[in-house]
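Peer 1: Attaching a single structure in structure tokens format; questions to follow.
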Amino acid sequence: LIWLVSLLLFQSVSSVILAQNQGLLERNVTLALFLTMLTGTGGNAGNQSSTLVIRAIAMGEVDNRSSHFWRVLRRECIVGFLLGISLVVVCFARVYLTPGTSFLSALTVSLTMFFTVMFAALAGAAVPLMLDRMGIDPCNSASPALATFTDIMGILMLCLIAKMVLG
């Protein structure tokens, strides 16, 4: 129960970010339609990365040495980049084909998708490696905590990118 309450309170950061950007979102309602797509995809990318790293740790393929840490992060950065580019194309088409959506709104959501997936892939790889280095079971990172963190970052990135692209 304590873990769920903690995550609930941590997830409330999303509400604060959205409240601080209420005017922007009211002017660009289309962005709100794609919040769950962004956060869900970010959570999936982070959990996939985390699962692969935890498995590699468990199988002895990776340990907490610095060289392994940077090698894994480099690999996940490449994977995140490739996934992000692929998803941007699909995301842009999906958003742009929604009635009432502008080119700039589709661009905003697509850029957010790219950065959210990149962040999630890196966080999903880094967190289990850091936990392992601290002597904490890396399985603790394959949880709703990672998804909650990527949700918050996805919402923050959407608002920041929307401010830059849409004003």
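The values are calculated or read from the model by the stated rules, or taken from the named source; none is laboratory data. All values reported here derive from a predicted model rather than from experimental measurement. No Cβ is skipped: glycine too gets one built from the backbone with ideal geometry, and neighbour counts run over all protein chains shown. Heads up: the accessible areas ignore ligands, DNA and RNA and are worked out on the full protein's heavy atoms, side chains in. Shrake-Rupley method; radii C 1.70, N 1.55, O 1.52, S 1.80 Å.
Peer 1: For the stretch 99-113, which positions are over 9 Å from the mean Cα position of the chain (by Cα) and open to solvent by less than 30 Å² (accessible area, probe 1.4 Å)? Working first, answer last.
Peer 2: Filtering the stretch 99-113 down to residues over 9 Å from the mean Cα position of the chain (by Cα) leaves 99-112.
Passing the criteria: Thr101, Ser105, Ala106, Thr108, Val109, Ser110, Thr112.
Peer 1: Can Ile161 be described as open to solvent by 50 Å² or more (accessible area, probe 1.4 Å) and not charged (D, E, K, R)? I'd like the intermediate steps shown before the answer.
Peer 2: Values: open to solvent by 50 Å² or more (accessible area, probe 1.4 Å): no; not charged (D, E, K, R): yes.
Spelling it out, it is not the case that Ile161 is open to solvent by 50 Å² or more (accessible area, probe 1.4 Å) and not charged (D, E, K, R).
Peer 1: Looking only at the stretch 140-167, how many residues end up being over 20 Å from Thr51 (Cα atoms), free of Cβ contacts under 8 Å to residues at least 40 places away in the same chain and either assigned to a helix (DSSP H, G or I) or among the aliphatic types (A, V, I, L, M) (or both)?
Peer 2: Total meeting the criteria: 2.
Peer 1: Within the stretch 63-78, restricting attention to residues that are open to solvent by 60 Å² or more (accessible area, probe 1.4 Å) and at pLDDT 90 or above, which residue is nearest to Thr112 (Cα to Cα)?
Peer 2: In this case the residue turns out to be Ile78.
Peer 1: Within the stretch 128-139, track down each residue that is assigned to a helix (DSSP H, G or I) and open to solvent by 10 Å² or more (accessible area, probe 1.4 Å).
Peer 2: Of everything in the stretch 128-139, those that are assigned to a helix (DSSP H, G or I) and open to solvent by 10 Å² or more (accessible area, probe 1.4 Å) turn out to be Met130, Leu131, Asp132, Arg133, Pro138, Cys139.
Peer 1: Another question, then. Restricting the search to the stretch 6-36, which residues are more than 18 Å from Leu160 (Cβ to Cβ) and in contact (Cβ under 8 Å) with a residue 60 or more places away in the chain?
Peer 2: Hits for the stretch 6-36 are Leu7, Phe10, Gln11, Leu33.
Peer 1: Next up: Give Ala125, Ala93, Ala142 a once-over and let me know the one that is crowded, with 17+ Cβ neighbours inside 10 Å, of a type outside the set (Phe, Trp, Tyr) and at pLDDT 85 or above. Let's see the steps before the verdict.
Peer 2: Values: Ala93 fails: crowded, with 17+ Cβ neighbours inside 10 Å; Ala142 fails: at pLDDT 85 or above.
Result: Ala125 is the single residue among Ala125, Ala93, Ala142 that is crowded, with 17+ Cβ neighbours inside 10 Å, of a type outside the set (Phe, Trp, Tyr) and at pLDDT 85 or above.
Peer 1: Which of the helices (runs of 4 or more DSSP H) found entirely inside the stretch 1-62 contain at least 3 residues meeting this: open to solvent by 60 Å² or more (accessible area, probe 1.4 Å) and at pLDDT below 90? Lay out the reasoning, then the answer.
Peer 2: Values: elements: 2-20, 22-27, 30-33, 35-58.
Where helices (runs of 4 or more DSSP H) fall fully within the stretch 1-62 and carry at least 3 residues being open to solvent by 60 Å² or more (accessible area, probe 1.4 Å) and at pLDDT below 90, they are 2-20.
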